[in-house]
1. Round to the nearest 10 and give me the degree value, 0 to 90, for the angle of helix 67-77's Cα axis relative to the longest principal axis of the chain.
2. Using a 1.4 Å probe on the protein heavy atoms, what percent of the accessible area of the chain belongs to carbon and sulfur?
3. Could you pull the Cα extents of the stretch 54-94 along its three principal axes, largest to smallest, in whole Å?
4. Which ³J(HN,Hα) values in Hz, rounded to whole numbers, follow from the phi angles of the stretch 22-36 under the Karplus curve 6.51 cos²θ - 1.76 cosθ + 1.60, where θ = phi - 60° and Gly and Pro get x?
5. Cβ under 13 Å from Leu85's Cβ, Leu85 left aside: what net charge do those residues give with Lys, Arg +1 and Asp, Glu -1?
6. Can you tell me the relative contact order of the stretch 32-106? Whole percent, Cα pairs under 8 Å, sequence separation 6 or more.
7. All other residues with a Cβ under 12 Å from the Cβ of Leu107 taken together, and with Lys, Arg as +1 and Asp, Glu as -1, what is their net charge?
8. If you average over every viewing direction, what projected area does the convex hull of the Cα atoms of the stretch 71-152 give, in nm²?
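The values are calculated or read from the model by the stated rules, or taken from the named source; none is laboratory data. Predicted model only: the values in this text are computed from it and were never measured. Counting neighbours? That spans all protein chains shown, and the Cβs are built from the backbone with ideal geometry, glycine included. Protein only, heavy atoms only, side chains kept; ligands, DNA and RNA dropped before computing areas. Shrake-Rupley method; radii C 1.70, N 1.55, O 1.52, S 1.80 Å.
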Amino acid sequence: MCIRDRSAGSVHCSGHLYYVPQHFGQYDGRTVAQVLGIDRKLTALHAILNGDTAEEHFARLDNDWNIEERTQAVLHAWHLNGISLLRPLEGLSGGEKTRLFLAGMELKEPDTLLLDEPTNHLDTAGRKRLYDFVHRTSATVLVISHDRKFVDNITTRTICLLYTSDAADD
């Protein structure tokens, strides 16, 4: 089958999707909490703990009273011990940024994961943690990777997409 227009089509996903990007530069101005999507919950939690009982804080927190503890536990599991949730991503290494986004997938517990080159910048311990997570998650996992060892280790079905010029498609 030859698909001429590679920019056409659509994808529909029900449930919660979590994306781990290959490149992180666009996130450098954000904090760890913002990247993990917990900054508003943390603001609400701290407002409540400081005596502000506005209804919107309780609605935003959504009974997630242990969000800080859960986040720190996941960060610890990904070897990001002691990293401040207020720290900007700028200045983190590539490996730290990768592990941060991978920690987010455990924190968010999505239905579907989209992992774009997730083994980039990971050391051996990070790769093992990723392998273990993918094996035990019930989420659907879609992976874009050139890392054959990773793909062979985690997949039950692999679809290989190759780009060829239009001339070669004829």
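1. 50
2. 50
3. Between the extreme Cα coordinates on each principal axis of the stretch 54-94 lie 39, 21, 13 Å.
4. Along the stretch 22-36, the couplings run 7, 10, 10, x, 5, 9, 4, x, 9, 8, 4, 4, 5, 5, 7 Hz.
5. +2
6. It comes to 36 percent, rounded to a whole number.
7. For residues surrounding Leu107, the net value is -2.
8. Details: hull surface 21.4 nm².
For the stretch 71-152, the mean projected area of the Cα convex hull comes to 5.3 nm².
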